[in-house]
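One structure is given here, and the rest of the page talks about it.
No lab work stands behind these numbers, since they all come straight from the coordinates. Treat the numbers as computed from the prediction; the structure is a model and nothing was measured. Neighbour counts are summed over all protein chains in view; Cβ atoms, including those assigned to glycine, are modelled from backbone coordinates with ideal geometry.
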Amino acid sequence: MSLLKFACASLFSLTLAQAAVAADCAADSSHGAQIFNTECGVCHAVKKDVTGMMGPNLNGVIGRKSGSLAGFSYSQAMRSKDVTWQAETIAELITQPQAYVPGTYMPYMGLASKDDREAVVCFLKSKEAL
Ligand code: HEC
């Protein structure tokens with residue numbers, strides 16, 4: 001009985017630990033890379049200093065203020081959005097860009113799967129200093 005209790009307790013803490021790992025993105029980001037390539041890469045680069053894409057470069061986007069990358073022509077909507085891009089705010093943006101930033105130039109319908117949104121954010125976090 002006590003062994004069973006122990007087993008349950010450790011299973012529970014394992015689940016919590018896994019959730020924490022997912023939240024800080026210690027997990028492998030290859031799924032995120034794949035999502036990025038199919039969903040975002042046509043308009044965004046993550047490699048440092050790549051310009052000329054339709055969307056702003058997303059290298060180091062975590063912690064950046066919305067609409068603030070020098071040299072990129074943002075919509076007025078994005079410039080006045082006034083958020084800092086973190087996992088949560090990016091996840092909200094890519095759920096439904098036009099709802100989160102009405103009037104945005106980002107012509108993207110949104111990423112329906114929560115898992116995919118988290119994976120792509122983890123991928124972006126891994127590109128903070130590329
Ligand atoms: C069809 C082109 C296109 C696609 C696809 C696209 N974006 Fe964008 N994205 C843009 C454009 C254009 C902007 C600038 C929007 C504005 O100025 O209103 C933008 C802005 C952003 C911003 C704000 C950056 C900043 O500097 O403030 C983030 C974050 C972002 N996109 C993430 C993503 C992610 C993640 C995906 C994939 C899930 C994605 N985008 C898919 C075109 C795109």
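With respect to residue 99, is the statement that it is of a type outside the set (D, E, K, R) and under 12 Å from the mean Cα position of the chain (by Cα) true?
So residue 99 does not fit the description; no.
In the stretch 107-130, which residues are within 7 Å of the ligand (Cβ to nearest atom), of a type in the set (A, V, I, L, M, F, W, C) and surrounded by fewer than 20 Cβ atoms within 10 Å (Cβ to Cβ)?
Scanning the stretch 107-130 gives no hits.
Please work out which residue is surrounded by the fewest Cβ atoms within 10 Å (Cβ to Cβ), limiting yourself to the stretch 59-89 and to residues that are outside any loop (DSSP other than H, G, I, E, B) and near the ligand (Cβ under 6 Å from one of its atoms).
My answer is 77.
Give me the pairs, please: first residue somewhere in the stretch 64-92 and at positive phi, second residue anywhere and assigned to a helix (DSSP H, G or I) and of a type in the set (Lys, Arg), beta-carbon distance under 9 Å, and either six or more positions apart or on two chains.
Hits for this filter: 67/79.
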